[in-house]
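For reference, the structure is listed below as structure tokens.
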Amino acid sequence: MTATTMAAPALPASKSSDAVSGHTRDRALWGAIMLAPYVLVFAVMVVYPVGYGLWLGLNWNSYRALFADPIFIRTVINTIVFLFVAVNLKFAIALVLSGFFVAQRAWVRFVLVLFILPWAVPSIPTILSFRVMLNPENGMINQQLFHWFGIVEGPGWLTDPTLAFCMSIMVHIWKSLPFWTLILVTGRLAIAQDLYEAASVDGASKWQQFKFITWPSLATLYVTSTMLSMIWTLGDFNSVYLLTGGGPGDLNHVLSTLGIRYMRNNNLDLGIASIIIAMPLILPMVYFMVKRLSKGAE
Amino acid sequence: MKKVLDEGKLILIAIPVLLWTLLPIYHLFVLSISNQESMLAGKLWPDAPTLQNFQIVFKQQHYYLTNFWLQMFNSFFIAIATGMITLLVATFAAFAISRLRVKGGRTIMNLALATYLIPAAFLAIPMYKAMGSYGLLNTQTALILAMVALASPYAIWVLKQASDKLPRELDEAAIMDGATSLQLFRLVYLPLMKPSMVVIGIYALLLAWNEYLYAFLLLSSERAVPLAVGLGLFLSADDAPWNLLMAAGLLYAIPPAVIYYGFRKNMVGGLTAGAVKS
């Protein structure tokens, strides 16, 4: 700031340099005051809890107990499958749908408005709606299968362990697909249209246009979004808990519902241990994302 | 001819997309206007559509719904408090980091982003423990603080991005005129930041309104919980009156949907702009 003043000799030197140096002190003071509320929230709500959690996580007995719990190994496998299938499927669909939603039509924009609904409304009524709808006995799906096709005993959507797990993934995708589709739509809209015009003049097919223009432009965004989505998917409690409660028979827990389950059973140490176990998975992603995001913020 | 084909292809995609998106919402609506028999028969459309469920909810005439209005009020209170506090905290922080360039500001922002990157269900467990040691368990303060902590990092980040776009010359001119930092904040920054602030306030408000897990963990008494938790209390009951709960659920889902649609242009622009830049 001082340099700017000296580079402007046209201004009355004494007055402006006073103003600027006074301002520098004022700025440091107010900067600290204005940052303080957030720093306080951060310290109290994030730093202390996380530090305390890590400290509690130093108890080796909890890990022994964790591995002794037969549900645990199953949960780890579930979590990995859930992450892999949910994230990749979600982004494959989002990539295709973003191609649909960039179409410049008034009615497509209207469809987009409706498509956002799952993201905008709370989980509780909608996931409970899924739960009732998929009820094997009197849910709408199986009742309609009976009505239209005479299938007396429809699939046990929520009673068959494998199907129930697939349904949790489906509900998770239903809820989070709109957000990511929207991100990819925004990414696609940022691509210069004349690239496509030039390509179609040169006779490039739709697939070639995607391969040589759309994908290279979207790739970075796609990778970053996938990473972020993995972290959020790992933290998704609602899709599993509200739909199946981790059942049937505790077979369908993921780490997030298992941790909370331990905690609700007054076994906080196991709860903490079960999330610390996931750290090797999370930390590299967090590091990568913070680097990416802070670069983007510059 | 090609135009017609293109349109046809688009419609072929639109139909399954809409079915997929709207089926559970339609089902929610159908249950909310079904009587017990139609509901148990899994009807596509109830035999005798009725508004009676809503009437029962309004009058709290079922033991599952004895605190409906109180819980609805709790939801409003928690969401609005979260929106306002987040806005205050984040606007100050973004101003300090972006315009005042306070020392260490950038580091704090990067650390803040890490919050955003801890899986929600994972952070909930140590936060619950910490709330216990603060003596705040089962208070709405605990939930509001948690929501502010969760909403702030993104709020600060979006506001900082917007703030960085304001020309530096504005500040320099104001400083030359002898403006203090506070005047700079009030007279230059706030008026220009209003659009982004609206987006962020609504973002935090919706986040808190739609939250289930933290409310479920941090609050336990039936009179303190927001409606989301109130409705979830009956998950273990197989014979819950789902039509009544869905009527209540529909009422609960309407405010965020309305707010979202009212502000959708700003929201979509404001929220995705930040994400796409990375």
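Values for this structure:
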read-out: Qualifying residue in region B:70-93 (condition: open to solvent by less than 90 Å² (accessible area, probe 1.4 Å) and outside any helix (DSSP H, G or I)); value: no
read-out: Pairs with Cβ under 9 Å, 6+ apart, first in region A:200-212 and of a type in the set (Ser, Thr, Tyr), second open to solvent by less than 100 Å² (accessible area, probe 1.4 Å); value: A:200/A:209
read-out: Which numbered condition residue A:91 fails, given (1) within 10 Å of chain B (Cβ to nearest Cβ); (2) in a helix (DSSP H, G or I); (3) in contact with a helix residue (DSSP H, G or I) (Cβ under 8 Å, 6 or more places away or on another chain); value: (1)
read-out: Selection status of residue A:151, outside any helix (DSSP H, G or I), under 25 Å from residue A:247 (Cβ atoms) and free of Cβ contacts under 8 Å to residues at least 40 places away in the same chain; value: yes
read-out: Odd one out for residue B:246 among (1) over 29 Å from residue B:32 (Cβ atoms); (2) assigned to a helix (DSSP H, G or I); value: (1)
read-out: Residues located in region A:259-281, provided they are assigned to a helix (DSSP H, G or I) and more than 7 Å from chain B (Cβ to nearest Cβ); value: A:261, A:262, A:264, A:269, A:270, A:273, A:274, A:276, A:279, A:280, A:281
read-out: Every residue from region A:171-203 that is outside any helix (DSSP H, G or I) and open to solvent by 30 Å² or more (accessible area, probe 1.4 Å); value: A:190, A:192, A:202, A:203
read-out: Qualifying positions in region B:173-199 - free of Cβ contacts under 8 Å to residues at least 12 places away in the same chain, β-branched (Val, Ile, Thr) and away from chain A (no Cβ under 11 Å); value: none
read-out: Residue in region A:94-114 that is of a type in the set (S, T, N, Q) and either exposed (fewer than 13 other Cβ atoms within 10 Å of the Cβ) or more than 9 Å from every other protein chain (Cβ to nearest Cβ) (or both) present; value: yes
read-out: Contacts under 6 angstrom Cβ, first residue in region A:251-270 being among the small types (Gly, Ala, Ser), partner assigned to a helix (DSSP H, G or I), 6 or more apart; value: A:256/B:121; A:259/A:271; A:259/A:274; A:259/A:275; A:259/B:125
read-out: Residue within region A:285-298 that is farther than 25 Å from residue A:71 by Cβ, of a type in the set (S, T, N, Q) and facing another protein chain (nearest Cβ under 7 Å) present; value: yes
read-out: Region A:224-240, subset part of a helix (DSSP H, G or I) and closer than 17 Å to residue A:174 by Cβ, residue most open to solvent (accessible area, probe 1.4 Å); value: A:232
read-out: Evaluation of residue B:98 against (1) surrounded by fewer than 21 Cβ atoms within 10 Å (Cβ to Cβ); (2) more than 7 Å from chain A (Cβ to nearest Cβ); (3) touching a helix residue (DSSP H, G or I) at 6+ places or on another chain (Cβ under 7 Å) (one fails), failing number; value: (1)
read-out: Residue within region A:156-163 that is among the aromatic types (Phe, Trp, Tyr) and surrounded by fewer than 22 Cβ atoms within 10 Å (Cβ to Cβ) present; value: no
read-out: Failed item, numbered, when residue B:177 is tested on (1) at pLDDT 90 or above; (2) closer than 30 Å to residue A:25 by Cα; (3) exposed (fewer than 15 other Cβ atoms within 10 Å of the Cβ); (4) among the charged types (D, E, K, R); value: (1)
read-out: Filtered residues of region B:56-69 (kept if at pLDDT below 95 and either touching a Pro at 6+ places or on another chain (Cβ under 8 Å) or open to solvent by 40 Å² or more (accessible area, probe 1.4 Å) (or both)); value: B:58, B:59, B:60, B:61, B:62, B:63, B:64, B:66
read-out: Hits in region B:200-225 - residues which are within 11 Å of chain A (Cβ to nearest Cβ), more than 29 Å from residue B:94 (Cα to Cα) and open to solvent by 20 Å² or more (accessible area, probe 1.4 Å); value: B:216, B:220
read-out: Some residue of region A:160-169 being modelled with pLDDT of 90 or more and within 18 Å of the chain's Cα centre (by Cα); value: yes
read-out: Filtered residue count, region A:117-141, keeping only those that are at the interface with chain B (Cβ under 7 Å from one of its Cβ atoms) and either open to solvent by less than 30 Å² (accessible area, probe 1.4 Å) or modelled with pLDDT of 90 or more (or both); value: 16
read-out: Conditions (1) of a type outside the set (Val, Ile, Thr); (2) within 9 Å of chain A (Cβ to nearest Cβ); (3) under 14 Å from residue B:218 (Cβ atoms); (4) open to solvent by less than 40 Å² (accessible area, probe 1.4 Å): number failed by residue B:109; value: (3)
read-out: Some residue of region A:241-264 being modelled with pLDDT of 90 or more, among the polar types (S, T, N, Q) and either open to solvent by 70 Å² or more (accessible area, probe 1.4 Å) or within 21 Å of residue A:50 (Cα to Cα) (or both); value: yes
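Residue by residue, here is whether (1) part of a loop (DSSP other than H, G, I, E, B); (2) surrounded by fewer than 17 Cβ atoms within 10 Å (Cβ to Cβ); (3) of a type in the set (Lys, Arg); (4) modelled with pLDDT of 95 or more holds:
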site: B:3; (1), (2), (3), (4): no, yes, yes, no
site: B:7; (1), (2), (3), (4): no, yes, no, no
site: B:12; (1), (2), (3), (4): no, yes, no, no
site: B:17; (1), (2), (3), (4): no, no, no, yes
site: B:26; (1), (2), (3), (4): no, yes, no, yes
site: B:34; (1), (2), (3), (4): yes, no, no, no
site: B:37; (1), (2), (3), (4): no, yes, no, no
site: B:42; (1), (2), (3), (4): yes, no, no, no
site: B:45; (1), (2), (3), (4): yes, yes, no, no
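The values are calculated or read from the model by the stated rules, or taken from the named source; none is laboratory data. It should be emphasised that the depicted structure is a prediction, and the values quoted were computed from it without experimental measurement. Don't worry about glycine lacking a Cβ; one is built from the backbone with ideal geometry, like all the others, and counts go over all protein chains shown. Heavy atoms of the whole protein, side chains included, go into the accessibility calculation; ligands, DNA and RNA do not. Shrake-Rupley method; radii C 1.70, N 1.55, O 1.52, S 1.80 Å.
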